[in-house]
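One structure below.
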Amino acid sequence: MTVLASGSKGNSTVVASSRTRVLVDAGLSCRELLRRMAVAGEDPAGLDAILITHEHLDHVAGLAVLARRLRIPVFFTEPTHRAWVRMLTPKTTMSYAKWLDRLQREKEDRAAAIAIESADELAADNRRDASGALRSEDPNAPLELPIEAEPCDADGATMPAAKADPSFLPAVEYFRAGTNFAIGDIGITPFTIPHDAADPCGFVFEAEGIRMALATDLGYMPPNVKQAIAGSDVLLLESNHDLEMLRDGPYPWSVKQRVLSRVGHLSNAATAEFLARDYDGGAAYIVLGHLSESNNVPELARISAEEAIGGRMSLLGNRVLLAAQSEPLAPICL
Ligand SMILES: [Zn+2]
Ligand SMILES: [Zn+2]
């Protein structure tokens, strides 16, 4: 497991066996995700698929661009896919005359697109930046994707369908929470998490006798999550905020209420309670993730978790690591 980024400004994690590699979430710009993979020693060309936990921007910001560029399938639940497509479709209200006008324009655009398709390959070469790399979207404006000017493939060929549809993906696969499936030799069990998105999920990955679980973005620890993540060798768990820092911090009251709610985020205290009461003690690594930059301090999260694990800490197991927002965590290899 390699956590490329974790937090409210972007989440992405590589989970790999010796034969299969999947990316869980793509919440940074395509360019930044590729940069972080390079830093962490992960080859993007080796990725087999992208899995999405839920449609919040910090989990999908670079998704369409990255998937098109790598030409790999994206796995969603159906409601999450639908919510994501809706998010990318501009909300417009227009008169009938305007609508007719738009249809006509789209018809002309399609005809023009066919005519210039061969010219595209040439143009793609001009879109390389100074370093010779292909440009992706501005990391500071992840949703305003300049789709029409954007190469989707390292070879410089464009996908014409992406011009008409910002949510166009090379392939979409659906999974359901509670139903196992496999990508290559990695067995995957998605489970429902309580969070304010269309159909949010956590995942358990299993390959070569190793189990890794990923559960962030959840308002509390319900029994189904405790059960799903039991027996994991690596546990990526949310430790979002310190309750006092959140209470006294800069967020408006409504946002504080949302974070604290049953469909918000796990506090250090809630994570500690799980670790003290329900955790089986068997993980080699516990990775704390999705830490709030405004309402938490990494050392507070760490101390809280380590105290909760208490006597079960050993030199061999239960190492507590902190996943960061700004840089990848060193790969965890078992
Ligand atoms: Zn999130
Ligand atoms: Zn979320």
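For the range 267-334, what D do you get in µm² per second when you plug the Kirkwood radius from alpha-carbon pairs into Stokes-Einstein at 4 °C and 1.567 mPa s?
So the translational diffusion coefficient is about 104 µm²/s.
Can you sort Tyr279, Tyr174, Tyr96 so the residue with the fewest Cβ neighbours within 10 Å comes first?
Fewest to most other Cβ atoms nearby, the residues stand as Tyr96, Tyr174, Tyr279.
If we count other beta carbons within 10 Å of each Cβ, what is the order of Phe168, Phe205, fewest first?
With the fewest neighbours first, Phe168, Phe205 line up as Phe168, Phe205.
When averaged across all projection directions, what area in nm² does the alpha-carbon convex hull of the range 218-323 cover?
Answer in nm², one decimal: 6.1.
Once each part is reduced to its C-alpha centroid, what is the distance from the range 1-39 to the range 42-111 in angstrom?
About 19 Å separates the Cα centre of the range 1-39 from the one of the range 42-111.
Based on alpha-carbon centroids, what's the gap between the range 168-242 and the range 258-318 in Å, whole number please?
Rounded to whole Å, the Cα centres lie 17 Å apart.
Express in nm, to one decimal, how much length is gained between Trp99 and Ile303 on full extension, taking 0.36 nm for each residue of separation and deducting their alpha carbon distance.
Gain on extension, Trp99 to Ile303, equals 67.6 nm.
Excluding Ser6 itself, what net charge comes from residues whose Cβ is under 12 Å from its Cβ, given Lys and Arg +1 and Asp and Glu -1?
Overall, the nearby charge balance is -4.
Taken together, the values in this text are just the output of simple stated rules run on the coordinates, not laboratory data. For clarity, every value in this text was computed on a predicted model and none was experimentally measured. Counting neighbours? That spans all protein chains shown, and the Cβs are built from the backbone with ideal geometry, glycine included.
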